[in-house]
Amino acid sequence: METILEVNGLTMDFGGLRALDHLNIDIRRGEIVALIGPNGAGKTTFFNCITGIYLPTQGDIIISPPKAEGTHKRERINGLKPNQVTEKGMARTFQNIRLFPNMTVLENVMIGRHCRTRAGVAGAIFRNRAMVREEQSIVDDSFRVLEKIGLARYVNDQARNLPYGAQRLLEIARALATEPFLILLDEPAAGMNPQETHELDELITRIRDDEGISILLIEHDMKLVMSLSNRIFVMDYGKKIAQGTPEEIRNNPVVIKAYLGEEIDA
Amino acid sequence: MEYFFELFLGGLTRGSIYALIALGYTMVYGIIELINFAHGEIYMIGAFTALIVASVLTVMGLNEFAILVLASIAAAVYSAAYGYTVEKIAYKPLRHAPRLSPLISAIGMSIFLQNYVLLAQTSDFLPFPSLIPDFEFWEPYSHLLRSTQLVILVTTTVIMVLLTLLIKYTKIGKAMRATAQDRSMAMLVGVNVNQVISMTFVIGSCLAAVGGVLIASHIGQINFFIGFIAGIKAFTAAVLGGVGSIPGAVLGSLILGLTESFATGYVSSDYEDVFAFALLVLILIFRPAGLLGRSTMQKV
Amino acid sequence: MMPTLSEIKKSFLVSLWFMFLTFPIMVIRVNTTEKLVLWRWENMAYMGIGSFLLSFVWRYMLWRKETGKKDSESGTLQLPSFFERILSDRRYIVPATAAGIALVAIFPFVMDTYQTNIMITALMYIVLGLGLNIVVGLAGLLDLGYVAFYAVGAYTYGLLNHHFGLGFWTVLPIGAVMGAFFGILLGFPVLRLRGDYLAIVTLGFGEIIRLILENWNEFSFGPSGIAQIARPSLFGIQLSLSSSIIYLYFVMIGMVLFTIFVVNRLQNSRIGRAWIALREDEVACQAMGIDKTRTKLTAFALGATWAGMVGVIFAAKTTFINPASFTFLESAMILAIVVLGGMGSIVGVSIAALILILLPEYLRAFSEFRMLIFGAIMVIMMVFRPQGIVANVRRSYKFQPDKHS
C-alpha cells in the first residue's frame, strides 16, 4: 500500500531541550500504527508537531492524501496552521479530553463538519435554500457519525455531562466528522475500563475497515496496542528506538530496556 | 540640554512610581495569571487613606514628620487590607473557573471600589498635603530635580532592593517563586498556596500604597478616578517589561515614564495618555512577551 | 436552617473586619480647605450590621452553588433561576408575551415623552448588549473597548449630518459599515492575543479613540462636540418633537426585533457554533478545522456593526454628541448587561438591559448607586451564577430512529 504520511528527520527544540530528535515515521494507507514509549518520550509533542500546533525546528512532514484511484499528490505541510492540517485530512483527539463542554454532543460533532461546509454570515442570516440544505446535511451527517460510534442516545446532552468513556468516544466522533484520511488518537483508552477498552478496540478496527481511514495512536495499554496495530514505533527521549510488527517489538531487547521499571503487561 | 535633563529626571520620577504599582500587577499575574484590574483602585484607596489620616492628624496638631510616617503606614495597612479582602471575595471563589470569569470579576471590583470611594467621599479633586518636606540641595540645579522627586527616587530604589531581597532570600519569597513556576507542584511539596496568593496581594498592595502617597504628594491632588489611568499605565509598564518578571516591571516602568515625559515635553501634552495606550497596543501586538519576559508555549 | 454558634462567630469577625476596613473612607470625611473633620460614626454601625447579615447570605449562596455543582455532576440539572422558571412554564409564557406586545404597542401613547425617552434608551442598550453578546458571550472575546464602535457610529452620523446634511436613514447603514470596518481594523492586529491581553488592548483602543475625539478639534470639534444633529425623518417629513420621539421609539422596537432575529439565526448556524466552540476551547476548535483568526474577526466585526448602528440612533436621539458619552464606563455598563443576562443568552441579555437601565431611572434611590451596583453585579454573577439569570440553552434536534438506523 502507498505511504500517506511521511515524517523525515523531525526535530523539535524547546529552548535548550530537544524534545524530538530526528524522527522518521511513515504510515501507509489502511494501517493502524501505534506510537509507544515511556512517559515524556515526546509522543504528544510529535502529535503537536504534525498537527501544526507546534512549529517543528527541523524536518519534513509530507502527506499524500489518497484521492481518486492512482492520483495522489505529495505535499509538505510544515508550518500549516492546525485548522489547515485538519482540512488536509488529518484529525486528532487529545490526551486530556478537550471537548466543547457546554455544547451538545451533536453540536460537538457538527463542529467537525465546519471545514467541509461553507455557509457564511449572510447565509446564516438569510437562510437561502442552499444554506438550509447544507445545514440539514451537517445535522444528518453528524448524527450518522454518532450512530456509528454508538453515542446516538446522547445526541442532545451537554458534552460535559457524558460519562468519561463516552467523552473519549465523542472526541473520536468529532475527529471522524472532519472526513480525515488519517486519525491521530492520543491515548484513547486512558481511563477506560476493560469492557470499554474492548469496545474501543472493535471500534477502531471498524473505522479502519469500513471507512478506509488509517489510524495512528499513542497508547499505554499494551494489550490494546498489540491486538490492534499493524506496526509499532517505539520512542524514548525524543528518539525512535525501534519499529516493527507487534511480534518484533515484543521481543526487542532495546524496547524492553527502555521500559525497564515500566511494566509491559502483554 | 537643561530641558532635556529636566524631562529625563521627570521621566525617571514618573517611571519609578509606575514601577511601584506595576510590581503589584506583575507579582499577581506571575502567581495566578490574572490581570488584577482592581489594583489601580487599591493604589487610589492608599492615597485616600493617607490624605484622610494626614488631615485628621494635622487638625490634631502633630508635627510634620510624624504625620508623614503615620499617614504612610496607614495607607500601606489599609491598601494591604483591601487587597487581601478583594482577593478573598472576588478571585478566590473563581480559582478554577474559566479564564474570563476572574477577569470580569476584577473589572467589576474596580468599578465597585471607584464608586464606593466616590459615594463615601467626594467626586471632587481633593488637595493633597505636601507630606514630603521641601529642602534645599544640589544648588543651583534644583530646578531640574525637586526635593520631592529626589525623595521619590530614593524611596523607590530602597523598596525595590528590599523587595528583591524578600523574594530571593525569605521563606515566603521562595514559596512565591515556587508557586509562580508550578502551582500544583508547589502545593505537593507543602507550600500553602492560598497563603502565598494572599501574601502576594498584600505585598503588591503595600507597594501600590507607597506609590499612592508619593505621587499624591508630588502632584498635589487626588480623586476617586486616579486609580484607573495609573492602573492602566502601570499595567502597560508591566507588559512592556514582560508580565510576571519583576526586573521587567521596573525596566518597563522607567521606559514608559521617560517616553511619556519626552513625548509630552517635545511633542504635545494633549495626547499624554494616548502615548501610553499606543505603546501598550504596540507592545502587545509586536512583542506580547515583553522585553524581559519569556514567551511561554501553550500546553496541549 | 438555624445558624450555628460558630457561624455567628464567623460573621461577627467578618463584620469587625469590614468595620475596620471601611473606617477611614466611610467614617471620616475631611474638608481640606477649612481643616474640618466630619466623623460619621453611624456609617460604621450600618457597615457592621450590614456585613454581619450579608456574610450569612454570602456563605449560604456559596453553599448552594457547591451543592448545585455536585448535583449537575451527578446528572441532575442546575437550579433554574426565577426567570428561567417563568420562561419554561407555558402557563406564564403565552399571557406574558401577549401582555408584553400590548404594552410595547401602547407604551409611547399612554406615557409622556420623558418616559418614552427612557424606554428608547433601554431598548438601545438591549441592542448594544446583544451586539456585545456576540463578541463576549458567544465568541468569548472580552472586548472592553466596545464603546469605541458606538462612538464611531455616533460621530459618523454627527459629522455626515453636520457637513453634508445626510439624513438618518442614509447614515444608518453607513454607521453599520463604519462599525464593521473599525471592528476589522482594530480586530485584525489584536485578535491573535490571548484573552486577557485582548481585554486590555481593546480597552486601550477604546480610550485612544475617545482621546482623539477629545483632542482633534479640527475633525471632531473636541470636547464641545457636535450639536443640532437632525432627528430621524419619516419619508422626508420632519416631525414635531413629541411625535419624532414616538417615531424613534418604534424605530428602536424594530431594531430590537431585527437584532434578536439576526442573533438568533447566527447562534444556531455554522458560524455561531464556531464562535461557541472557540469560546469553549481554542486549541480543540482549531484542531477541528476552524480558522481561529477569521472566526474571531467575524465576531468582532459583527458585534461592532451593532454598536455602529446604535451609535447613529444615539446621535439622532440626543441631537448632540461629545466624547464624554463614550468613556470606559459605558463599555463596562454594556458588559454588565451581558454578564447579568447570561453569556450567549438573548432573552437574558434583553431582560438584563431592561433591569439595569430602567431600575435606576424609576427608583431614584438607586440611581446614585448605579455604577456601584453594576460593579457588584459583575463580581456576584461571576462568583455565584456565571451562566447569568437566563442560561443559554443550546438547541436540541429531533431524529426519527428508524430513518437513520
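The values are calculated or read from the model by the stated rules, or taken from the named source; none is laboratory data. Everything numeric in this text was worked out from a predicted model, so none of it was measured. For neighbour counting, all protein chains shown are included, and Cβ atoms are generated from backbone atoms with ideal geometry for every residue, glycine included.
Points to keep in mind about this one:
Yes or no, residue by residue, for (1) modelled with pLDDT of 80 or more; (2) among the aromatic types (F, W, Y):
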position: C:L21; (1), (2): yes, no
position: C:M26; (1), (2): yes, no
position: C:N31; (1), (2): no, no
position: C:R40; (1), (2): yes, no
position: C:M61; (1), (2): yes, no
position: C:R90; (1), (2): no, no
position: C:P95; (1), (2): yes, no
position: C:F109; (1), (2): yes, yes
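- Residue in the stretch C:286-299 that is within 26 Å of A:F94 (Cα to Cα), charged (D, E, K, R) and at the interface with chain A (Cβ under 8 Å from one of its Cβ atoms) present: yes
- All of (1) within 14 Å of another protein chain (Cβ to nearest Cβ); (2) farther than 23 Å from C:P223 by Cα hold for B:V250 with one exception: (1).
- Verdict on C:A301 being surrounded by 23 or more Cβ atoms within 10 Å (Cβ to Cβ), assigned by TED's automatic domain parsing to the domain that holds C:Y146 and in contact (Cβ under 8 Å) with a residue 12 or more places away in the chain: yes
- Among the residues of the stretch B:1-40, the one identified as without any contact (Cβ under 8 Å) to a residue 24 or more places away in the chain and part of a helix (DSSP H, G or I) is B:F4.
- The stretch B:238-270, residues that are polar (S, T, N, Q) and crowded, with 23+ Cβ neighbours inside 10 Å: B:S253
- Answer from B:A97, B:A106 - the residue that is surrounded by fewer than 22 Cβ atoms within 10 Å (Cβ to Cβ), within 10 Å of another protein chain (Cβ to nearest Cβ), among the hydrophobic types (A, V, I, L, M, F, W, C) and within 23 Å of B:I31 (Cβ to Cβ): B:A97
- Tally of residues being in contact (Cβ under 8 Å) with a residue 60 or more places away in the chain, aliphatic (A, V, I, L, M), more than 13 Å from chain B (Cβ to nearest Cβ) and under 19 Å from A:E87 (Cα atoms) across the stretch A:25-61: 1
- Of everything in the stretch A:1-24 that is within 14 Å of another protein chain (Cβ to nearest Cβ) and out of contact with any Ser or Thr (no Cβ under 9 Å at 6 or more places or on another chain), the residue that is surrounded by the fewest Cβ atoms within 10 Å (Cβ to Cβ) is A:G16.
- Leading residue by the ranking (surrounded by the fewest Cβ atoms within 10 Å (Cβ to Cβ)) among those in the stretch B:53-75 that are without any contact (Cβ under 8 Å) to a residue 12 or more places away in the chain and facing chain C (nearest Cβ under 10 Å): B:M60
- All conditions but one from (1) without any contact (Cβ under 8 Å) to a residue 60 or more places away in the chain; (2) within 23 Å of B:I35 (Cα to Cα) apply to B:V196; the one that does not is (1).
- Only listed residue being within 17 Å of the chain's Cα centre (by Cα), buried (at least 24 other Cβ atoms within 10 Å of the Cβ), facing chain C (nearest Cβ under 7 Å) and not in a loop (DSSP other than H, G, I, E, B), chosen from B:Y43, B:Y78: B:Y78
- Across the stretch C:337-377, the number of residues qualifying as part of a helix (DSSP H, G or I) and either farther than 23 Å from B:V117 by Cα or within 11 Å of the chain's Cα centre (by Cα) (or both) comes to 20.
- Answer residue from the stretch C:274-284, given it is facing chain A (nearest Cβ under 7 Å) and not β-branched (V, I, T) and is surrounded by the most Cβ atoms within 10 Å (Cβ to Cβ) among those: C:A277
- Test: A:N108 is under 17 Å from the mean Cα position of the chain (by Cα) and not in a helix (DSSP H, G or I): no
- The stretch A:50-105: number of residues that are closer than 18 Å to A:S142 by Cα and part of a helix (DSSP H, G or I): 3
- Summed over the stretch A:172-231, the residues that are under 19 Å from A:Q84 (Cα atoms) and free of Cβ contacts under 8 Å to residues at least 60 places away in the same chain give a count of 1.
- Single residue of the stretch C:151-172 satisfying the filter (under 25 Å from the mean Cα position of the chain (by Cα) and among the aromatic types (F, W, Y)) that is surrounded by the fewest Cβ atoms within 10 Å (Cβ to Cβ): C:F168
- Selection status of C:A148, buried (at least 24 other Cβ atoms within 10 Å of the Cβ), among the small types (G, A, S) and assigned by TED's automatic domain parsing to the domain that holds C:R294: yes
- Lone unmet requirement of (1) within 12 Å of chain C (Cβ to nearest Cβ); (2) surrounded by 20 or more Cβ atoms within 10 Å (Cβ to Cβ) for A:P163: (2)
- Residues of the stretch C:175-200 satisfying the condition of being touching a residue at least 24 places away in the same chain (Cβ under 8 Å) and aliphatic (A, V, I, L, M): C:A176, C:V177, C:M178, C:A180, C:I184, C:L186, C:L191, C:L198, C:A199, C:I200
- Of all residues in the stretch A:131-141, one or more are within 30 Å of C:P386 (Cα to Cα) and either within 10 Å of chain C (Cβ to nearest Cβ) or touching a residue at least 40 places away in the same chain (Cβ under 8 Å) (or both).
- Residue satisfying all of: in the stretch C:140-149; of a type in the set (A, V, I, L, M, F, W, C) and within 11 Å of another protein chain (Cβ to nearest Cβ); farthest from C:I212 (Cα to Cα) among these: C:L141
- Selection from the stretch B:262-287 of residues that are over 21 Å from C:E214 (Cα atoms) and in contact (Cβ under 8 Å) with a residue 12 or more places away in the chain: B:F262, B:I283, B:L284
- The residue pairs whose first member lies in the stretch B:92-118 and is touching a residue at least 60 places away in the same chain (Cβ under 8 Å) and under 20 Å from C:D143 (Cα atoms), whose second member is crowded, with 24+ Cβ neighbours inside 10 Å and hydroxyl-bearing (S, T, Y), and whose beta carbons are closer than 9 Å, counting only pairs six or more residues apart or on different chains, are B:P102/B:Y91; B:A106/B:Y91; B:M109/B:Y91.
- Some residue of the stretch B:189-208 being surrounded by fewer than 21 Cβ atoms within 10 Å (Cβ to Cβ), part of a helix (DSSP H, G or I) and touching a Ser or Thr at 6+ places or on another chain (Cβ under 8 Å): yes
- On inspection, B:E41 qualifies as of a type in the set (D, E) and either touching a Pro at 6+ places or on another chain (Cβ under 8 Å) or under 14 Å from B:K233 (Cα atoms) (or both).
- Odd one out for C:R231, checked against (1) within 14 Å of chain A (Cβ to nearest Cβ); (2) charged (D, E, K, R); (3) farther than 26 Å from C:G183 by Cβ: (1)
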